[in-house]
């Protein structure tokens, strides 16, 4: 039998979601009654078919078992260490302590600027602060661990006193190890845990929550004609295989976030395809995170309407992703995205 994938479709929000759930017309996404769905798309490499929840009983054999198993994963309430996933969506604010990141390099790499920006992001609704000391923009080269640690150490010392949920954006296990002394809450490795062979052992030993991020290649070469047969299904298989490997070596906790890696080894068509089908990843049973903020695909779509901040494209991409149940949005412009979400929710 060909491999089938289950993508969640047709979402409801707020009071309408509660009403639909109460009338047994929809099911809650990850146990959150403020967002629910009433349809699924069954996908294999050859065909797609959308079915409503009331038609699942008509399915037969292994397909029916697969769909029921996926629904259990999709609807089960998610618990994440020190993070309330019912606050939908959660905003992850970006703090790049680098001189060369693609949109804000050099803005916050002085200690006082970084600390003040961190406080600002939290004051505007940032739930997670993602701190990075190495640029992973397309074409960037790796820096050594001493230089990376020097960039983040002093700012991290000050920020940890704020007693907030802090994420470290790094590919190096030595940096992860050092930041854990400062009580960081999450490890966000854009290499998908593949860059440093000691990373997985560190995660197993410390039981620290982490992100599984998909990328194809390295930042230096990832945008040189990336190719996929089916970008969405290949990313899904990567997540599934990685989770299975982690389980086999003894990482049993569920404090894991999935990020399909927009712009990391993907061209415009790949990025749009992922964004249009991102709700497929809910059937893996973990929170989904998305980083679209200020990225190149916005310029490729908007062309002569591009701007330096790409705020309009960032907001529209975030709202579209929210409408597919993406729980965590990684953004530079926390205040503006938060405003857009509040207005959008009120109007809907």
Residue that is nearest to residue 78 (Cα to Cα) [pool: residues in region 319-348 that are without any contact (Cβ under 8 Å) to a residue 40 or more places away in the chain and touching a helix residue (DSSP H, G or I) at 6+ places or on another chain (Cβ under 8 Å)]: 319
Residues satisfying the stated conditions in region 191-215, i.e. out of contact with any helix residue (DSSP H, G or I) (no Cβ under 9 Å at 6 or more places or on another chain) and either within 11 Å of residue 261 (Cβ to Cβ) or not assigned by TED's automatic domain parsing to the domain that holds residue 234 (or both): 211, 213, 215
Criterion violated by residue 63 - all others in (1) out of contact with any helix residue (DSSP H, G or I) (no Cβ under 8 Å at 6 or more places or on another chain); (2) at pLDDT 95 or above satisfied: (2)
Yes/no for residue 301 being touching a helix residue (DSSP H, G or I) at 6+ places or on another chain (Cβ under 9 Å), assigned by TED's automatic domain parsing to the domain that holds residue 186, part of a helix (DSSP H, G or I) and closer than 27 Å to residue 12 by Cα: no
Count - residues of region 257-273 that are closer than 23 Å to residue 4 by Cα and crowded, with 21+ Cβ neighbours inside 10 Å: 7
Matching entry among 337, 326 (being in contact with a strand residue (DSSP E or B) (Cβ under 7 Å, 6 or more places away or on another chain), crowded, with 22+ Cβ neighbours inside 10 Å, part of a loop (DSSP other than H, G, I, E, B) and at negative phi): 326
Any hit, region 23-43, residues being crowded, with 18+ Cβ neighbours inside 10 Å, assigned to a loop (DSSP other than H, G, I, E, B) and in contact with a helix residue (DSSP H, G or I) (Cβ under 8 Å, 6 or more places away or on another chain): yes
Some residue of region 195-204 being more than 26 Å from residue 283 (Cα to Cα), over 23 Å from the mean Cα position of the chain (by Cα) and crowded, with 18+ Cβ neighbours inside 10 Å: no
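Yes/no matrix, rows are residues, columns are (1) part of a strand (DSSP E or B); (2) touching a helix residue (DSSP H, G or I) at 6+ places or on another chain (Cβ under 7 Å); (3) crowded, with 23+ Cβ neighbours inside 10 Å:
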{"site": "275", "(1), (2), (3)": "no, yes, no"}
{"site": "279", "(1), (2), (3)": "no, no, yes"}
{"site": "313", "(1), (2), (3)": "no, yes, no"}
{"site": "317", "(1), (2), (3)": "no, yes, yes"}
Residue match in region 131-151 (condition: surrounded by fewer than 15 Cβ atoms within 10 Å (Cβ to Cβ) and farther than 21 Å from residue 220 by Cβ): yes
Some residue of region 79-97 being in a helix (DSSP H, G or I), modelled with pLDDT of 90 or more, more than 30 Å from residue 56 (Cβ to Cβ) and touching a helix residue (DSSP H, G or I) at 6+ places or on another chain (Cβ under 8 Å): no
Close pairs from region 62-75: first under 14 Å from residue 44 (Cα atoms), partner in a helix (DSSP H, G or I), Cβ under 7 Å, at least 6 apart: 67/56
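The values are calculated or read from the model by the stated rules, or taken from the named source; none is laboratory data. Not measured: the values here are computed from a predicted model. Reconstructed Cβ throughout: ideal geometry from the backbone, glycine too, with neighbour counts over all protein chains shown.
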